[in-house]
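Okay, structure first, notes after.
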Amino acid sequence: MESLGGAGGRLSSSQREELMDQVKQQIVIANTQELLTKMGEKCFSKCISKPGSSLDSSEQKCLAMCMDRYMDSWNLVSRTYTSRLQREKNFH
């Protein structure tokens, strides 16, 4: 199996760091896409009982509140997870 550095080569420290940054960016993008998809699915099913060509005011309010709560929850989980990773990193 070939290493990431190509034909038997090794990645330099800066290349590894750049690669890790790219992977982290891709993870952020994937997580954001998942967030938006799940939020849309959950809030739609909770707030829209009879889909039509427009939303009435109660549906609009429900969607706004649902999305706000979903984002607040997501942000809390993200902050907690990031904090935990940072503590573990500092521990080692």
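Remarks
- Count of lysine pairs in the chain with Cα separation under 19 Å (8 or more residues apart, or interchain): 7
- Computed over the alpha-carbon pairs of segment 15-92, the distance histogram in 5 Å steps reads 3, 13, 15, 18, 15, 11, 9, 7, 5, 3, 1, 0 percent, short to long.
- S13 exposes around 80 Å² of accessible area when a 1.4 Å probe is run over every protein chain in place.
- Cα long-axis angle, helix 13-47 against the chain (0 to 90 degrees, to the nearest 10): 10
- Heavy-atom accessible area, probed at 1.4 angstrom with all protein chains present, ranks I48, I27 as I27, I48, highest first.
- With DNA, RNA and ligands ignored, accessible area of K42 (1.4 Å probe; Å², nearest 10): 110
- Rounded percent of accessible protein surface that carbon and sulfur make up, the chain, 1.4 Å probe: 56
- Largest-first ordering by accessible area, 1.4 Å probe, given options M20, M71, M39: M20, M71, M39
- Computed [θ] at 222 nm, deg cm²/dmol, the chain (DSSP H ≥ 4; -39,500 (n - 2.57); rounded to nearest 500): -28000 deg cm²/dmol
- Accessible area (Å², 1.4 Å probe, nearest 10) - D72: 100
The values are calculated or read from the model by the stated rules, or taken from the named source; none is laboratory data. Keep in mind that this is a model prediction, so the values were computed, not measured. The accessibility values were calculated without ligands, DNA or RNA, using every heavy atom of the protein model including side chains. Shrake-Rupley method; radii C 1.70, N 1.55, O 1.52, S 1.80 Å.
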